[in-house]
C-alpha cells in the first residue's frame, strides 16, 4: 500500500509565545486507510492536521503528499479537505447547494453536478434531501451533509477534526459505523483527530498515540491495546491494572510477591518492569484456588458486565470485568493466563519496543485464519480436546480399578485376606 502523507522531522513552535507544540515528528500515512491521531488536549494532534491542510506552516521539517514536498503549496491547491467540529455549512443554502458547492466552483455541467450530488447524498443516507434547509436538520444530518460536501470531488485526503464530539452518545456510535463504511466505499484516506480512545479503536486501521507534541506509539488498534509501550498508553487506551515487577528471566516475571509464567522475553535478568493485565482477562475462583486472593471493595453494573474493584494482600487495587455479581466484602481467588500478562520496559523507545516484540512474536499465524468462523472452529477444537482428555482420564481410572480388582481376586484365590 503506497504512502500518501509523510512527515520528516517536523517541528512546530509558535513565534509569539515560544511554545513548542510538535517535536521532531516522523510519520507515514498509507493511502486508503482510516488513520487516527489520538491524544489529550494539547498533545499536538490538531496541529498535525492543520499542517497537512495547509492552515499552519511547520517551523522545520518536510511535509510530503504523494512523495512531493508541499510545505509551500497553498491550502487550496493540496486536494485535501477538512471537516471541522462545527461543520461550517452555509446556512443560506439548501443541502444540495452545500454539497454541490465545490463542483460549481469547478464549472462542471449542471447535469453532472445534479447526478453526483444525488449519488453522494445516497452514500451518506440523505437521499432526497437536496432541497432541505440546513436549519431543519438534526446534528447527525448536518454531519452527513458536511461529509458529503467534503467527499463529492474525491479529495486525496479527508481530515476530520473532532467531528463527532458534538453528537450525543448514541448518534456518535451510529456515525462511527457510517464514517467507516463511507471511507471503505470511497477509498479516500481519512485522517481523524480525537481524544476518545473508544472511537479510535472502533474505526481506525492505524493509530498514532500522541502526548506533549510527540508520537508515543503507533500501530493497529489491536497492537496498541494488546501491547502498550508504556504506562501512559496502557492507562490512556482502555482500562488497565498496572503493577511494578521484575523480569526474572525470559517468560518468567515477578510481581505481587510471586513468580508467574509470561509470554514476553528479550529483557535483562531481574530488570525492573511494569506489568499490565486488562480487566477482561481476569476471572474469579474460590478462595485459595487462583493466583492469589482479593477482597471485593465495590462494584458497578455496566450492562454487559459488572465492574468490580478488589484489593489484594499487598494493597494493590484490581479492576475486574465479570458477568457474575459479587458481594462487597467477600474474599475470592483471582486468576489469569500467562498470555494476559503484558510486560512494559521502563523508558523504552518505540524502535526498541518493536525490535523486542519481533524477536518473540509468532509470525507464522495466517491473517486469513482470523474471523468468527475460525474462532468458532478453534473453540470447538478446544472443547473436543477437553472432552477427549476427560475420557482418557476416566479410562485410566477404570484401568486402575480393573487392576486393583484383579489383584484382590488373585489374593483371594491364594487364600490371603485383605
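The values are calculated or read from the model by the stated rules, or taken from the named source; none is laboratory data. Here the structure is a predicted model, which means the values were calculated and not measured. Glycine also receives a Cβ, built like all others from the backbone with ideal geometry; neighbour counts cover every protein chain displayed.
When you scan segment 40-53, do you find a residue that is under 24 Å from residue 2 (Cβ atoms), touching a helix residue (DSSP H, G or I) at 6+ places or on another chain (Cβ under 9 Å) and surrounded by 14 or more Cβ atoms within 10 Å (Cβ to Cβ), even just one?
yes
Based on what the data block shows, is residue 142 out of contact with any strand residue (DSSP E or B) (no Cβ under 7 Å at 6 or more places or on another chain) and surrounded by 13 or more Cβ atoms within 10 Å (Cβ to Cβ)?
Judged against the criteria, residue 142 is a match.
Of these, 56, 108, which one is in a loop (DSSP other than H, G, I, E, B) and without any contact (Cβ under 8 Å) to a residue 24 or more places away in the chain?
108
Is there a residue in segment 322-331 that is part of a strand (DSSP E or B) and either surrounded by 14 or more Cβ atoms within 10 Å (Cβ to Cβ) or not assigned by TED's automatic domain parsing to the domain that holds residue 343 (or both)?
Yes, segment 322-331 contains a residue that is part of a strand (DSSP E or B) and either surrounded by 14 or more Cβ atoms within 10 Å (Cβ to Cβ) or not assigned by TED's automatic domain parsing to the domain that holds residue 343 (or both).
Of the residues 15, 24, which is assigned by TED's automatic domain parsing to the domain that holds residue 176 and under 34 Å from the mean Cα position of the chain (by Cα)?
Just a single option satisfies the conditions, and that option is 24.
Considering only segment 185-206, how many residues are more than 15 Å from residue 29 (Cα to Cα), over 18 Å from the mean Cα position of the chain (by Cα) and surrounded by fewer than 16 Cβ atoms within 10 Å (Cβ to Cβ)?
Of the residues in that region, 1 qualify.
Being over 18 Å from the mean Cα position of the chain (by Cα), on the phi < 0 side of the Ramachandran plot and in contact (Cβ under 8 Å) with a residue 60 or more places away in the chain is the filter here; which residues of segment 28-42 pass it?
Within segment 28-42, 31, 41 meet the criteria.
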